[in-house]
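See structure below.
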Amino acid sequence: MQEIEKALEFIIEIEKLKDVQRKTRPVGLKRYENSAEHSWHVCLCALILKDYSNDPLNIDRVIKMLLIHDLGEIDAGDTIIYSSETGEKKAKEKQGLQRLASLLPGNMNIELVNLWEEFESGETADARFAKAIDRIPPLLHNIYGGGHSWKQYGITKEQVFSLNARIGMGSEVLWSEIRSKLEGAVKDGILK
């Protein structure tokens, strides 16, 4: 029974992800998305778009990665991706994830940390696809939301195209489609 109690403690603690505000607004809404909503959304995106992966993948592992990839933000907070790819930020996220994982019973923590590290390294087909999918909703939020966070944070088209080109590492077909939408955003003056 102590194992169940520890698992429940973890489940209660990760509720805090619902209070981590992100830097984009869901399409059609005035409020900002929270990180738990983002995790749910990218998991559904992965299910819907899995057939567009460059490589065969294990969708269960991809979904696990996407469910846990932002848990470290409970302690580290969210930062716009164009300035968050730093060693310091990633170290804070990893410490936060390790703290959360330490709440889990038995060896459950090992799987959680290993999946997070695999996602972060982006070296396996599953991780490359998960990282590609993680980028799609924020781009769609901006494309269909007047470029709200791009404008607020002074993000340039060069930054957007450069950072998000990695979508092609997980799915060349998805990157081609997203790149076309981004080019449309440039043409429409949404992205400068």
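Near Lys89, which lysines are there with a Cα under 21 Å away, not counting those fewer than 8 places off in the same chain?
Straight-line reach from Lys89, under 21 Å: Lys16, Lys18, Lys23, Lys131.
For region 1-115, I need the span (max minus min coordinate) of the C-alpha atoms along each principal axis, in Å, sorted largest to smallest.
Per principal axis, max minus min of the Cα coordinates gives 44, 33, 29 Å.
Around Asn34, which amide H atoms from residues at least 5 apart in sequence, or from another chain, sit under 5 Å from its own amide H, with H modelled in the peptide plane?
Long-range HN contacts for Asn34: Arg22.
By how many degrees, between 0 and 90 and to the nearest 10, does the Cα long axis of helix 59-68 differ from the longest principal axis of the chain?
Computed tilt is about 80 degrees.
According to the Kirkwood expression over distinct Cα-Cα pairs, how big is the hydrodynamic radius of region 1-43, in Å?
Values: mean 1/r = 0.0848 Å⁻¹.
Every distinct Cα pair counted, the radius reaches 11.8 Å.
Neighbour counts of other C-beta atoms within 10 Å: give me Met169, Met65, Met1 arranged from fewest to most. Don't skip to the answer; put the middle values down first.
Working: Met169 17, Met65 25, Met1 5.
Starting with the residue having the fewest Cβ neighbours, the order is Met1, Met169, Met65.
Treating the angle as unsigned and between 0 and 90°, give the value, to the nearest 10°, between the Cα long axis of helix 35-49 and the longest Cα principal axis of the chain.
That works out to roughly 70 degrees.
Report, to the nearest 10°, how far helix 108-121 tilts away from the longest principal axis of the Cα atoms in the chain, using its own Cα long axis and a range of 0 to 90°.
Taking the Cα atoms of the chain, the angle to 108-121 is about 20 degrees.
Please tell me the relative contact order of the chain in percent, rounded to the nearest whole number, where contacts are Cα pairs under 8 Å and at least six residues apart.
On the way: 240 pairs, mean separation 47.1, N = 192.
So the answer I get is 25 percent.
In whole Hz, with x marking every Gly and Pro, tabulate ³J(HN,Hα) for region 13-21 from phi via Karplus 6.51 cos²θ - 1.76 cosθ + 1.60, θ = phi - 60°.
5, 6, 4, 5, 5, 5, 9, 8, 7
Give me the aspartates and glutamates in straight-line cross-link reach of Lys90: C-alpha distance below 12 Å, same-chain residues under 8 apart excluded.
Cross-link targets: Asp70, Glu73, Asp75, Asp78, Glu117, Glu120.
Cut-off 10 angstrom, C-alpha nodes, Gaussian network model of the chain. Which of Pro105, Pro26, Pro137 fluctuates the most?
Between Pro105, Pro26, Pro137, it is Pro105 that shows the largest mean-square fluctuation.
Using only Cα atoms, what is the ratio of the radius of gyration of region 143-192 to 2.2 N^0.38 Å?
Working: Rg = 10.7 Å, N = 50, 2.2 N^0.38 = 9.7 Å.
Dividing the Cα Rg of region 143-192 by 2.2 N^0.38 Å gives 1.10.
Provide Phe161, Phe129, Phe10, Phe119 in ascending order of the number of other Cβ atoms located within 10 Å of each residue's Cβ, fewest first.
Working: Phe161 14, Phe129 30, Phe10 19, Phe119 24.
By the 10 Å Cβ count, ascending: Phe161, Phe10, Phe119, Phe129.
With the cut-off at 24 Å, report for region 91-192 the share of all Cα pairs above it, as a whole percent. It would help to have the intermediate numbers written out before the result.
Values: 1992 of 5151 pairs.
Tail of the P(r) past 24 Å holds 39 percent of the pairs.
Per residue, how big is the convex hull of region 57-100 when only Cα atoms are used? Give it in Å³.
Working: hull volume 3.7 nm³, N = 44.
Once divided by residue count, the hull of region 57-100 is 84 Å³.
Find the eigenvalues of the gyration tensor of the Cα atoms of the chain, then list the square roots of 5 times those eigenvalues as equivalent ellipsoid semi-axes, largest first, in whole angstrom.
Numbers: eigenvalues 173, 72, 40 Å².
Computed over the chain, the values are 29, 19, 14 Å.
No lab work stands behind these numbers, since they all come straight from the coordinates. Bear in mind the structure is a predicted one, so any value in this text is a computation, not a measurement. Here the Cβ is made from the backbone with ideal geometry for all residues, glycine too, and neighbour counts use every protein chain on show.
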